Each structure stands twice: as structure tokens, then as C-alpha cells.
Ligand SMILES: Cc1ncc(C[n+]2csc(CCOP(=O)(O)OP(=O)(O)O)c2C)c(N)n1
Ligand SMILES: [Mg+2]
């Protein structure tokens with residue numbers, strides 16, 4: 001198969017990522033099926049988050065942020081839809097979604113960096129959730145952009161261990177009013 | 001009624017109307033082989049599990065019904081991975097049952113444990129690891145539903161040994177709802193707007209081509225295709241997976257497109273203004289260099305699988321439907337192209353200038369492989385089913401045999417699996433015992449799965465195998481000759497080793513050999529007289545023969561190479 005599908009002369013909208021909110025059956029191996037599909041078809045994932053779906057023991061909701069340039073979105077959705085355990089897929093353009101992610105970081109502290117660190121955390125709106133004499137653990141629940149900014153700001157500090165969950169998203173309310 | 005899981009499994013297969021299982025037992029599947037003794041289902045004991053898988057495929061492709069195979073865990077399961085992958089590529093409905101170690105042992109590297117659902121995740125339409133005996137009927141019913149509806153494909157059911165040994169209360173799902181497949185919607189309502197847009201495109205077309213793929217056969221749409229093609233007078237091409245979907249004898253049929261397609265079929269696609277794809281998927285073996293493929297054409301793409309749309313080629317109109325429904329809807333919409341007399345005149349000139357040709361046979365041999373196929377076809381009873389391995393012989397079989405009806409051409413297309421031919425022929429013959437079944441095989445392919453002729457003899461399945469023995473992995477040799485400066489690397493096989501006649505005889509078959517024209521005609525006559533045991537014929541063919549026409553891999557279809565006899569003539 002050709003690595004680059006020939007798509008004729010249609011213009012591409014250069015949206016970097018899309019958010020797919022995927023309702024799946026809560027069955028063993030369903031995440032492996034999704035991950036395997038993305039791997040074997042060469043679709044890139046920025047992040048993937050799983051949680052029980054609202055009010056159903058039978059279903060889970062997987063929020064996948066896909067690189068819509070690694071493959072046409074139509075392909076990604078079409079292939080995903082063929083997975084028998086996938087029940088429904090909602091595609092959200094970034095502008096139609098509210099997205100949040102969680103960042104956790106542990107930073108070694110000392111007398112010199114304490115003040116600048118507190119300033120940085122204060123600016124970012126991050127909260128301290130664990131402390132010991134030589135380190136703090138902080139969290140930020142924010143937009144992916146806010147998490148990016150805090151991650152960047154923390155680069156100035158030595159010995160930072162940082163984890164991000166990847167984003168979850170829901171449709172923006174009142175989209176109809178916006179148009 | 002209380003049953004063991006094993007009994008429930010066999011009873012579930014009976015409920016699905018299964019008449020034949022191809023398989024081979026072992027530890028983990030042992031419980032299921034016990035109630036099989038009391039079942040009406042015929043079990044064909046294969047000599048290698050790959051054979052079971054390809055037999056099930058041959059059965060499915062010849063009958064249109066799902067093929068069923070059953071093997072044990074571990075190596076039994078991994079041995080059937082190739083046929084599963086093959087069936088996945090060719091959308092062939094299969095249900096494969098594998099034994100698994102007991103649930104308590106899963107994950108412990110137990111004896112003959114292997115993660116077969118993990119291994120086959122990417123090459124099945126779906127697979128199940130059954131967790132309790134009570135769930136067996138649902139898994140079986142769902143597997144058959146999945147394998148045969150929408151875009152068909154292989155489904156695997158992995159059954160742990162303790163599950164088949166424990167007791168359950170017999171039940172069987174009565175409705176699709178009970179299959180518990182909330183995410184599976186194989187059919188969508190026909191998009192009438194798309195049908196109308198397609199009909200409008202057809203109405204403007206002066207040079208249309210019906211590009212018929214395997215989905216046309218899978219949706220049993222041959223009669224709709226014939227009616228539509230005849231009403232609209234459009235030219236038809238049938239891909240390797242669709243041979244038999246439209247009669248080769250029909251004067252609107254241009255033959256097979258693609259890498260080794262007919263000049264007229266390939267060129268009609270290149271020059272058409274509207275390409276109507278019916279259950280085809282724009283495979284690279286058909287398109288050649290994609291940007292150069294039918295570059296001036298608008299495209300109508302009919303497929304049951306929406307993921308095929310715009311995967312390779314942007315469609316102007318896509319219709320998600322099975323082919324039969326879509327053709328009926330296009331007929332109802334009155335879709336009719338412009339007058340096609342001029343288009344046909346051009347096509348007829350291509351057909352006249354570049355028919356299929358081959359070098360004159362020599363009386364003393366070696367034989368021309370194309371001639372052998374024509375000679376077999378000339379003496380074959382109508383409706384004969386032909387299977388093939390993969391290689392030059394496969395392409396010649398597709399080119400030179402004339403297929404008139406669905407289910408008569410059984411081959412490995414998308415995966416190109418050497419060794420498919422013999423077991424597929426056995427499966428086809430089991431499914432259609434009233435038909436003659438010929439396997440056109442290569443010497444290389446034959447050596448991969450020939451042991452299944454023991455199965456054929458033991459089970460009384462009288463197939464006929466024609467080995468086109470060119471002493472080479474011929475298709476690879478052809479590429480080395482044409483694209484690697486005739487540097488032949490690891491392709492020589494030796495026509496005399498093995499001795500195919502003795503091998504056939506050792507497997508309880510009749511073995512025959514033909515080196516010249518006289519012998520060729522004699523052995524074909526003799527093979528046709530034998531109807532009780534399998535026959536194998538070693539036809540000694542010319543090693544230097546190449547398949548033409550040919551489009552080099554990755555080249556534009558405009559650069560099709562015709563047979564050397566036709567070169568020099570102006571295009
Ligand atoms: C299992 C497998 N291995 C390797 C190949 C690559 N391959 C394609 S055709 C071919 C040669 C087949 O030789 P033979 O059966 O003698 O057929 P011929 O081309 O000579 O007619 C090979 C090695 C393949 N398609 N399948
Ligand atoms: Mg050969």
C-alpha cells in the first residue's frame with residue numbers, strides 16, 4: 001500500500017489534532033484493540049484516557065487525541081468504527097470542545113528555589129498536594145496549553161519528575177448559539 | 001437441559017447449520033472432540049492446521065457459506081494464523097475455534113499456552129476468549145453473525161479447557177439482540193442522495209468502466225451486475241478477487257485489470273471518465289502508481305465498509321451499501337450513461353491489437369504453461385471449480401481459464417499465500433462435491449501444503465492437481481530476470497526433486513507426468529477419467545516463460561508491458 005494516499009486535489013484544513021470521544025464495551029482487551037489498530041495503521045495518538053462511562057457498568061469512554069495529519073480523520077474514524085467493541089464515536093474539533101488534563105510534578109526544593117517555585121506555581125494556578133522537607137508535589141488541572149506552560153516553566157528547576165494524563169474532553173456548551 | 005461446554009459448542013455449531021469442520025485435535029481442545037463423535041457434523045482430519053484453515057477458506061469461497069476450522073492451543077493455533085490472515089485480506093467468512101489452556105492457567109506460560117486472541121487481533125474481524133460454558137452459545141452465534149454479515153471475515157473463538165469441561169444450561173440466542181454486539185451495525189440505510197448523485201455522474205459519462213471487486217461476489221450480486229451492465233452497455237472488468245462475478249464469455253467483459261491484467265481492461269480504466277467501483281478496494285496490484293491511476297476519471301465507490309472510502313483514492317460519490325442493493329438502487333434511479341459507441345470502438349481496437357497471447361507450443365516440450373491451462377479447460381466439465389497457488393501459474397490460471405459463474409475461482413488475492421491451492425481445492429470439493437475441482441499449482445506452492453493430499457485420499461475427496469512444474473519459484477525468477485539483471489538468487493527448485501509422481505503415489509493419489517504435447521493431452525484425458533481418488537499431474541513447463549501483460553511494481557498503468565510477440569506494433 002502506498003504510504004501516502006492519493007487524495008486528489010482537495011484542500012486540507014490544517015487542524016493538527018482532533019479529539020475522539022469513543023464509547024466502548026467494557027470488555028477485556030478493548031484497549032489493546034484500539035492501541036493495536038492505531039499502531040498497525042500508522043495513526044498517531046497524542047493521548048488516550050479511559051474512564052467508566054456515565055451511568056453504565058457495561059461501557060467505558062475512551063478519549064483519544066489523534067494526530068489528524070498522520071492519517072485522514074475519516075480513515076481513523078472508519079477503521080475505529082469497525083472494531084466490534086466500539087459502540088459510538090464522537091469527533092470533536094478542538095474549537096468545539098472543552099479540554100482539560102491533569103499534570104502532577106514533584107520538584108526538589110531548597111532555600112534558593114523556594115520563592116521562585118511558589119511564584120511559578122501561583123502564576124500557573126497549580127496546587128501543592130504533598131510536601132516533605134526536600135520536595136513538593138504539585139498538581140494542575142487545566143487546559144493542555146496551561147499544562148504546557150507550567151511544564152515549560154518548571155524546566156528552570158532542577159530535578160523535576162513530571163507526569164501528564166493526556167486530555168479528556170466534552171463538547172462545548174451552546175455551540176449552536178456561537179454560530 | 002444440562003450440557004458440558006464441549007457439548008454446547010458442538011450443538012451450537014449444529015444450530016448454525018455447520019456440516020463440515022476441518023481440524024486436528026490436541027490437549028486443550030480434547031473435550032470438544034468427544035461429543036463430535038456423536039454429531040452429524042463431518043470432521044475432516046487434516047495433516048497440518050494450515051491445511052484446515054485453507055480448506056475452510058476453499059469451502060467458503062466455493063459455497064458462499066462460512067468455513068469452520070477447529071484446532072488445539074499453542075502450536076495448533078499458531079499454525080492456523082496464516083489462513084486467518086489470508087481470510088482477513090480476502091474478506092472470507094471463517095469461524096476458527098481454538099482450544100486454550102484452563103482459565104486458571106492463562107498467563108502462567110502453561111504447556112501449549114499462547115495468546116491467540118492477541119496474535120490474531122489484527123487479522124480477524126473479531127475474536128472472543130470465552131469465559132464460561134454458559135457463554136458458549138452466544139459466542140458461537142455472534143461469531144457466525146460477524147463472519148457472514150457486513151464485510152465478511154474470519155472470527156476466532158478461543159475456548160479454555162475448563163470452560164468446555166464445565167456444565168451449562170442449554171440455551172441458544174434467538175435474536176440479534178441476544179448476541180450482545182451493541183457496537184456492530186453491519187448495514188446502514190442507503191443514502192438516496194448519494195445514489196442520485198451517482199446516477200447523475202453516470203448520466204454525464206461517455207467512457208465509464210464497471211470496476212468489479214470481490215465484494216460483488218461476497219454480496220451475491222452477480223445477477224444484479226449482469227442486469228445493470230447489460231442495460232447500461234458499460235464495459236466490465238473483474239479483479240482477481242472477482243473472477244466469475246461476470247461471465248468471461250460476455251462481450252462486455254474486458255477481463256482482469258491490474259499488474260497482470262488484460263491490456264484492454266487496464267487501459268480502459270486509464271482512459272475512462274467514470275470509474276464505478278463495486279466492492280473493490282483500489283489495491284496496489286490494481287492501481288499501480290496511484291496518482292497515475294485513472295487520472296482523468298471521476299469515481300463512484302460502492303462498498304459495505306466505509307473505511308474503504310477515500311483510503312487510497314478520493315471518490316466523487318461514495319455509497320455505503322452491499323453491491324446488490326446499490327445496483328438495484330442505481331437501476332431504479334435510471335442511471336444511464338451517454339451513447340457509448342465511440343468508447344466501445346476504442347476498446348474493441350485495444351482488444352483486437354492486444355489479445356492474450358503466448359509463444360507457439362513445441363511438440364516435444366517443454367510445455368507452455370498457458371497452453372496446459374487452456375488444454376485442461378477445454379476438457380473440463382462446465383462449472384469446474386479452479387483453485388490456485390500463488391505465482392505465475394496463478395496469474396495464467398486467472399488469465400486463461402474462462403470463468404462463467406460465481407464460486408468457480410478460488411484463490412489467495414490480498415495475502416498471496418503460497419500453498420493455498422491444494423487445501424483450498426479440498427475444501428471446495430467438500431463444499432461442492434458434485435463439481436470437478438482442479439487446482440492449478442506451482443511446484444513451489446505444491447511443496448508447501450502437498451501433505452493434505454493424504455487427507456484428500458483418506459477422506460475420499462477426489463480433486464485434480466496440475467503442477468505447472470517450471471523448476472523455479474517462477475514469479476520471483478521473473479522479477480529477477482526483468483528487474484535484477486537476470487541475477488537469479490535462490491529461486492531454482494529442480495524439476496526432478498522431489499519426484500512428484502512418486503510423491504503423489506506415496507500419498508495414495510494417482511501420479512502422472514507430461515513432458516510433451518502428446519503426453520499433455522493423454523494425461524488430461526486420464527485425469528478426467530479418474531473420479532475416485534485425487535490425481536496429481538507433473539506438467540514440465542518452460543522455465544523461461546513470463547507473465548504478460550505486466551505493469552512493473554510502482555509503475556504507472558500507462559507503462560504496461562505487453563507480450564514480446566506484440567511489441568513493435570504501435571500502441
Ligand atoms: C508463503 C509465501 N512465501 C513466499 C512468497 C513469495 N512468492 C510469491 S510467488 C513465489 C513463487 C511461487 O513459485 P511456484 O509455486 O513454483 O509458482 P510459479 O511462480 O513458478 O508459477 C514466491 C516465492 C509468497 N507469496 N508466499
Ligand atoms: Mg514454479
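On the stretch given as the range B:504-521, residues that are over 27 Å from the mean Cα position of the chain (by Cα) and part of a helix (DSSP H, G or I) total 7.
Where residues in the range B:522-563 are assigned by TED's automatic domain parsing to the domain that holds residue B:468 and assigned to a helix (DSSP H, G or I), which of them is nearest to residue B:375 (Cα to Cα)? My answer is B:524. Can you tell me which residue in the range B:111-134 is farthest from the chain's Cα centre (by Cα), limited to those that are crowded, with 19+ Cβ neighbours inside 10 Å and in a helix (DSSP H, G or I)? Checking each candidate, the answer is B:133. Exactly one residue out of B:551, B:501, B:536, B:562 is within 16 Å of ligand 1 (Cβ to nearest atom) and modelled with pLDDT of 95 or more: that is B:536.
Looking at this structure, is residue B:500 touching a strand residue (DSSP E or B) at 6+ places or on another chain (Cβ under 6 Å), within 16 Å of ligand 2 (Cβ to nearest atom), farther than 25 Å from residue B:64 by Cα and in the same structural domain as residue B:392 (by TED's automatic domain parsing)? Yes; evaluated as a whole, the condition is true for this residue. Out of the range B:30-44, which residues are touching a residue at least 40 places away in the same chain (Cβ under 8 Å) and in contact with a helix residue (DSSP H, G or I) (Cβ under 7 Å, 6 or more places away or on another chain)? Selection gives B:31, B:32, B:44. Quick check: is even one residue across the range B:81-92 more than 14 Å from every other protein chain (Cβ to nearest Cβ) and not in a helix (DSSP H, G or I)? Checking the range B:81-92: at least one residue is more than 14 Å from every other protein chain (Cβ to nearest Cβ) and not in a helix (DSSP H, G or I).
A quick yes/no check of all residues on (1) away from chain A (no Cβ under 14 Å); (2) in contact with a helix residue (DSSP H, G or I) (Cβ under 8 Å, 6 or more places away or on another chain):
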position	(1), (2)
B:269	yes, yes
B:276	yes, yes
B:279	yes, yes
B:295	no, yes
B:299	no, no
B:313	no, yes
B:322	yes, yes
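Got at least one residue in the range B:443-464 being within 15 Å of ligand 2 (Cβ to nearest atom) and in contact with a strand residue (DSSP E or B) (Cβ under 6 Å, 6 or more places away or on another chain)? Looking through the range B:443-464, at least one residue is within 15 Å of ligand 2 (Cβ to nearest atom) and in contact with a strand residue (DSSP E or B) (Cβ under 6 Å, 6 or more places away or on another chain).
The values are calculated or read from the model by the stated rules, or taken from the named source; none is laboratory data. None of these values were measured; they are calculated from a predicted model. All Cβ positions, even for glycine, are placed from backbone atoms using ideal geometry, and neighbour counts span all protein chains on display.
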